[in-house]
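Structure record follows, encoded as structure tokens.
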Amino acid sequence: MRVTEINTHVLKDKLSEKFGMSQWYWDVRAICLVEIKTDDGITGWGSALARPKPMPH
């Protein structure tokens, strides 16, 4: 089995309310989905945190 294709899919959406801490906040939430395909026809998925740039207060 060999990996034949790797695709990334970044999903993000504006939050209805910002959240954060004393130094900065975020008004967008994001995640990166990773799709891996093989020559055997198998497809696997993974995810990674895709943190947008924080906004200063």
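The values are calculated or read from the model by the stated rules, or taken from the named source; none is laboratory data. Keep in mind that this is a model prediction, so the values were computed, not measured. In this analysis, Cβ positions are derived from the backbone assuming ideal geometry, glycine residues included, and neighbour counts consider all displayed protein chains. Side chains included, ligands, DNA and RNA excluded: accessible areas come from the protein's heavy atoms. Shrake-Rupley method; radii C 1.70, N 1.55, O 1.52, S 1.80 Å.
How much net charge surrounds Thr4 when only the other residues with a Cβ under 15 Å from the Cβ of Thr4 are counted, with Lys and Arg +1 and Asp and Glu -1?
Details: positive: Arg2, Lys37; negative: Glu5, Glu35, Asp39, Asp40.
After counting each charged neighbour, the total is -2.
Excluding residues on the same chain fewer than 8 positions from Lys12, give the aspartates and glutamates whose Cα lies under 18 Å from its Cα.
Within the straight-line cut-off, Lys12 pairs with Asp27, Glu35.
Leaving out ligands and nucleic acids, note down the accessible area per residue over the chain with a 1.4 angstrom probe, in whole Å².
It amounts to 83 Å² per residue over the chain.
Which percent of the accessible area of the chain is formed by carbon and sulfur heavy atoms (probe 1.4 angstrom)? Walk me through the numbers before you get to the answer.
Working: 2620 of 4740 Å².
So the carbon and sulfur contribution to the accessible surface is 55 percent.
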